[in-house]
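First up is the structure itself, then whatever we jot down about it.
The values are calculated or read from the model by the stated rules, or taken from the named source; none is laboratory data. Everything numeric here is computed off the predicted structure, so don't read it as measured data. Here the Cβ positions follow ideal geometry from the backbone for every residue, glycine too, while neighbour counts run over all protein chains shown. Ligands, DNA and RNA are stripped out before the accessible areas are found, and what is left, the full protein with its side chains, is counted by its heavy atoms. Shrake-Rupley method; radii C 1.70, N 1.55, O 1.52, S 1.80 Å.
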Amino acid sequence: MIEVIFIGWFLTFVNADGVADVVLSCSLVEEGVGMGGMGGGSLFSRTPATLVLRDVPVGPDESLDTLTPFVPPSVPDPDLILFENKVSSPDIPNAGMLLHADCNEQEVMCEISRYTPRGLQESSDPAYFMVSLSVEGLDFSTSLILQTLPVDKDQTTLTQSKLSLPLSQSGTLLTKVIFLVFSDINSVSAPLRGDVLLNCGFKQEETPLAPEVGLEWRLQHRGRGRKVLETKTKLDDTEEATVVQGERNGSSVDAALLLSEGNVSMSLTRLKVVDEGTYICTVNLGHFHAQQVIQLHIIQLPQVSLSEEKLVLNKNSPQTLSCHCAKYYPLDVQMEWFFLPPTETEPKLFPNQGSLSSHRQHGDGTFTLSSHVTIDPSFSPGTKITCRVTHPALDDPLHISIVLESPQPDSYWWVLGFLVVTVLFFYQVMK
């Protein structure tokens with residue numbers, strides 16, 4: 001197996017007609033034979049390579065003055081690995097994101113591997129390659145299948161030394177995209193018992209690769225995998241063209257969008273904790289298949305409360321105040337205690353953060369945790385006690401507070417004082 005992996009930079013060249021040439025610097029990674037094992041060493045060998053995406057559409061606000069079209073080497077070199085592909089039909093969705101990734105210091109990941117269509121023997125005429133592209137920090141991911149184009153051979157035709165493929169007159173490996181699968185999300189969070197749409201789509205060249213498209217959505221989580229949904233759709237738009245096998249209640253694909261736009265996004269309703277994980281969208285067209293991977297995170301906001309609605313300072317003994325964080329997901333949660341004396345302006349962290357209960361998991365997969373702090377008699381009335389909760393489902397930490405109230409006079413002394421006053425009153429009356 002041969003793989004090409006992006007190692008750190010790319011260039012952009014712009015033509016005068018509103019399209020740009022994007023040049024990705026890559027490494028050709030070949031799986032080594034006898035390179036690892038007890039003797040050590042890498043399992044892969046790496047050779048510099050380049051991927052050129054020609055004619056990527058440029059938006060109307062882009063400046064075309066400072067860049068020029070890509071120009072191949074003046075002297076073809078059979079040792080160079082230079083893939084040249086024209087982005088036309090099918091187009092690569094959101095390929096324009098590649099134009100600014102370098103300026104924004106976002107790493108472009110590019111991996112290319114030799115691809116053998118299912119049911120066909122590996123050959124060099126034509127040859128196929130799988131390309132996986134993504135941009136760090138952006139929702140851009142696509143898998144392309146490239147097919148090499150015929151080259152008019154003569155005595156001057158060069159052959160790429162490592163791949164054994166004929167080169168064009170300019171020394172490039174001419175290719176075209178025949179099939180691609182893409183997604184505009186890499187990761188998505190959705191609330192427990194809510195709904196979510198996992199985005200996935202495909203495009204193929206104008207001449208259909210097969211009369212039927214197969215789709216499979218699978219879920220991988222914690223080492224286990226299961227099929228969520230599978231469809232088979234005839235592309236001739238006949239009645240009952242789609243056969244759907246859903247193994248998860250509430251999973252669906254819009255057959256009309258699949259036929260008209262190649263949209264194979266899957267909808268999930270009434271989400272549960274067990275729906276969390278890595279979803280793999282695989283599209284099959286005849287001998288070819290490609291896929292996208294999407295992470296689904298289930299979240300549930302914590303319900304936060306204090307054990308007391310009113311807290312009166314006890315001057316004789318310490319008191320315990322509890323903060324309850326209930327029915328949240330995922331497990332990661334942080335609970336902190338602060339106090340703000342009436343004479344201060346900035347809250348302070350409790351020197352002793354008290355104790356935590358053990359996590360309690362409910363039947364729906366959510367968790368509950370309690371934190372207990374001790375209120376010392378030395379605290380002043382009017383002190384504000386705050387429990388702060390931090391959780392992935394919260395955009396900002398959640399605060400819940402209570403103010404220490406002044407202690408009331410002991411009721412015994414009130415009663416005794418009342419009796420003394422009453423006795424004195426009657427004594428004076430009867431005197």
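Out of the residues in segment 186-219 that are under 30 Å from Gly363 (Cβ atoms) and within 14 Å of the chain's Cα centre (by Cα), state the one that is most open to solvent (accessible area, probe 1.4 Å).
So in segment 186-219, the residues under 30 Å from Gly363 (Cβ atoms) come out as 187-198, 217-219.
Checking which are within 14 Å of the chain's Cα centre (by Cα) leaves us with 187-190, 196-198.
Values: Ser187: 59, Val188: 30, Ser189: 70, Ala190: 2, Val196: 15, Leu197: 106, Leu198: 0 Å².
That would be Leu197.
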Output the residues belonging to segment 209-240 that are more than 15 Å from His289 (Cβ to Cβ), in contact (Cβ under 8 Å) with a residue 40 or more places away in the chain and assigned to a loop (DSSP other than H, G, I, E, B). Arg222
Mind telling me which of the residues Ile294, Ile385 ends up being touching a Phe, Trp or Tyr at 6+ places or on another chain (Cβ under 7 Å), assigned by the TED database to the domain that holds Gly201 and surrounded by 17 or more Cβ atoms within 10 Å (Cβ to Cβ)? Ile294
Apart from one, (1) within 20 Å of Leu331 (Cα to Cα); (2) within 27 Å of the chain's Cα centre (by Cα) all hold for Ser252; the odd one out is (1)
Kindly indicate the residue of segment 230-261 that is over 25 Å from Gln147 (Cβ atoms) and in contact with an Asp or Glu (Cβ under 7 Å, 6 or more places away or on another chain) and also most open to solvent (accessible area, probe 1.4 Å) among those meeting that condition. Gln245
